[in-house]
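The values are calculated or read from the model by the stated rules, or taken from the named source; none is laboratory data. Just so we're clear, the structure is a prediction, and the values are computed from it rather than from any experiment. Don't worry about glycine lacking a Cβ; one is built from the backbone with ideal geometry, like all the others, and counts go over all protein chains shown.
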Amino acid sequence: MTRAPTELHSSANGSEEQAWPEDAIEVGCILDAWGVKGWIKVQAYSSDAQALFSSRRWFLRPAEVNKGEGPVVVRTKPLPRLLKILAIREHGEGIVASVQDIADRTAAEGLRGARIFISRSAFPSPSPDEYYWVDLIGLTVLNRQGETLGEVIGLIDAGPHSVLRIMPPGMVAPVKPDQERLVPFVAAFVDDVDLEQRQITVDWGLDY
C-alpha cells in the first residue's frame, strides 16, 4: 500500500494536556533513529497502521525489559511521555516520522525501544463490516444454537482473512494452543458482531 506523506501541525499552545488516556492502546514501537534530522523509524503492530497515521499524539512507555528480547536500552534522559508528530510517511516496508523537539539523530536514538500508545478514540472509523482487533478481544462467542463457544483472546492474521482465537468456558488464560477454538472471521461463519452487547454470533458447532 502506498500512502502519501501526512503533515500534522502541532498546536501553538505549549501547555497542551498530557494526561495518559484511559483508552490507550499499544499500537507499535520505535525501532531506531532514521537519518540525521531527528526522524524515527517505527514498527506498527498491525499490518494496517491507520491508528499511527490518524493521531498526532503518541504516548510512550519504556520497552519491557523482562522478556529477554533484544538489548536493554540505557537512557541518559527520561523518556518523554508524549510525542507530538509533525509528519509521518511510509518508507519501504516500514514507517518513519518527524517529531516536535527531536531535531537530530542523537535525540531520536534516545527514543529507541519505546512502546507507542494511542487513544482508541483517535482511531479512524472502520468501514461497515470492518472491526479493529482490539474491539473484538474479550467478546463472548455464541453459535446459532445459543451455545457459548468462549471468549475471544486474540486473532491470527491468516493473510486473506483473520481467525478468532477463542478460549472455551471454564478455562483461564493463558491456554495451550490445542485448547483454543479457532474460527475464521469471515462472513461464511460469522453471522453478527454486536459490540454493544459484546458478543459475536457464529455458525460453528461445539464439536468442530
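With the condition kept exactly as written, say whether any residue in region 27-34 is in the same structural domain as ILE116 (by TED's automatic domain parsing) and at pLDDT below 95. Looking for residues that are in the same structural domain as ILE116 (by TED's automatic domain parsing) and at pLDDT below 95, one finds at least one in region 27-34, hence yes. Is there a residue being at pLDDT below 95 and within 30 Å of ALA87 (Cα to Cα) anywhere in region 148-160? Yes, region 148-160 contains at least one residue that is at pLDDT below 95 and within 30 Å of ALA87 (Cα to Cα). If the condition is being under 14 Å from the mean Cα position of the chain (by Cα) and among the hydrophobic types (A, V, I, L, M, F, W, C), then region 115-141 contributes ILE116, PHE117, ILE118, ALA122, PHE123, TRP133, VAL134, LEU136, ILE137. Considering only residues in region 126-167 that are polar (S, T, N, Q) and in the same structural domain as VAL190 (by TED's automatic domain parsing), the one that is farthest from ASP203 (Cα to Cα) turns out to be SER162. Filtering region 26-57 to residues that are assigned to a strand (DSSP E or B), in contact with a Ser or Thr (Cβ under 9 Å, 6 or more places away or on another chain) and surrounded by 20 or more Cβ atoms within 10 Å (Cβ to Cβ) leaves VAL27, GLY28, ALA33, TRP39, ILE40.
Scanning region 191-208 for residues that are outside any loop (DSSP other than H, G, I, E, B), farther than 18 Å from PRO168 by Cβ and of a type in the set (A, V, I, L, M) yields one hit, VAL193.
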